[in-house]
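What follows is a single structure, written as structure tokens, with notes after it.
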Amino acid sequence: MNKAQRTHFVKQTAQECGFEFCGIAKAAKLGEDARRLEAWLNKGMHGTMHYMEKYFELRTDPTKLVPNAKSVITLLKNYYPETSQNTDAPKVSKYAYGNDYHETIKVQLNVFLDRLKASFGEFQGRGFVDSAPVLERAWAEKSGLGWLGKNGMLINKGAGSFYFIATLIVDVELEYDAPLAKDFCGTCTRCIDECPTDAILPNKVVDGSKCISYFTIELKDALLPDDMRPKFDNWLFGCDVCQDVCPWNRFSKPTNDEAFKPIAEILNFTEKDWSDLTEDGFRQIFKHSPLKRSKYKGIMRNLKFIMSEP
């Protein structure tokens, strides 16, 4: 295959493997994105997420992850649900309605990689699903799949932002997609205005240490800060406010992937159901769910926090 044929095969195979969008960028050391990450870390906006401080060079240079890397392939996977939770129940972020995306997408990514090797011959390549030092949103933006919104999310003009991002770094030369000439947020500030904890700052900076997702998932402290209690807006796990208010998400369509179809309990549990949930019940119901990241203890801590009086 020549370069054009390889590129066509990559994009066709991506769709066949269940990815809605595929973009390709030239593998090169990140410049501006590296400086933004360094400034963000220096201001302590990662909170207790100390893993963000590690492997800085790996995060900003794909050739450190795959020697002689030539191309970065970015894949988007839709997770937008068809149905919503009970309106009076503790809220769970939409990405966690179904099965753990790490497990699901990793399988699809491995199939994708195997099919490329079967057609191109052996080559060096590594796939990543939010589990390694890769700035996946930067690469998605560079490959023309969207722009970085004011809330820090990748926004696709025709499909919104409810997408998981997977990255494949390979030492195969391909044709590269052009990034968008501009972003399309314009003067809109809905995500900034509606963020319950004022975590979204100017210039597309998100203070991760103030985000509800950080408090309910990443922060492992036994106690959550009291001053945040009135701002939690009944979020039990994660937060979708900045995406829910984004006008571009009017184009979101329900996912077709059965793995991301909502777990019945996520949709139907009441506050009492959550309160009555035992550890054994939690392990059984959510054994394939992202909620297991917080563990039973963390979910109960969050529940107690949002149910208690300010």
Legend entry - Label-point gap, in nm, between N256 and E57 - each point 7 angstrom along Cα→Cβ: 4.4 nm
Inset, instruction - Tell me which residues come under 5 Å, amide H to amide H, from V172 once H is placed; ignore anything under 5 positions away on its chain. - result: K70, S71
Inset, instruction - Name the residue, out of P62, P230, P290, whose mean-square fluctuation peaks in a Gaussian network model built on the chain with Cα pairs under 10 Å. - result: P230
Legend entry - Rounded, prolate or oblate (a/c below 1.5 giving rounded, otherwise prolate when a/b exceeds b/c) for region 99-184 by Cα gyration tensor: oblate
Inset, instruction - Per DSSP H run of at least 4 residues, take -39500 (n - 2.57); add these up for the chain, divide by its residues and hand me the 222 nm value, nearest 500 deg cm²/dmol. - result: -9000 deg cm²/dmol
Legend entry - Cross-link pairs beyond the 21 Å C-alpha cut-off, checked among K29/K142; K43/K204; K43/K182; K142/K261; K3/K142; K91/K287: K43/K182; K142/K261
Inset, instruction - Pull out a ≥ b ≥ c, the square roots of the eigenvalues of the alpha-carbon gyration tensor of region 1-157, then state rounded if a/c is under 1.5, prolate if not and a/b is larger than b/c, and oblate in the remaining case. - result: oblate
Legend entry - With Cα atoms, 0 to 90° folded angle of helix 3-16 axis to the chain main axis: 30 degrees
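Remind me, relative contact order of region 104-172 in percent, using alpha carbon pairs under 8 angstrom and six or more residues apart?
Rounded, it is 37 percent for region 104-172.
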Inset, instruction - Round to the nearest 10 and give me the degree value, 0 to 90, for the angle of helix 101-120's Cα axis relative to the longest principal axis of the chain. - result: 10 degrees
Legend entry - Relative packing of 158-171, 207-220, 102-115, which averages over residues the other C-beta atoms within 10 Å, highest first: 158-171, 207-220, 102-115
Inset, instruction - Mind running the shape call on region 4-50? Use the C-alpha gyration tensor, a ≥ b ≥ c as the square roots of the eigenvalues: rounded below 1.5 for a/c, prolate if a/b tops b/c, oblate otherwise. - result: oblate
Legend entry - Candidate aspartates and glutamates for bridging to K210, where Cα separation is under 15 Å - those fewer than 8 sequence places away on the same chain excluded: D193, E194, D198, E218, D221, D226, D227, D233, D240
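No lab work stands behind these numbers, since they all come straight from the coordinates. As the structure is a prediction and not an experimental result, all values here were calculated from the model. Here Cβ is always computed from backbone atoms with ideal geometry, including for glycine, and neighbour counts include all displayed protein chains.
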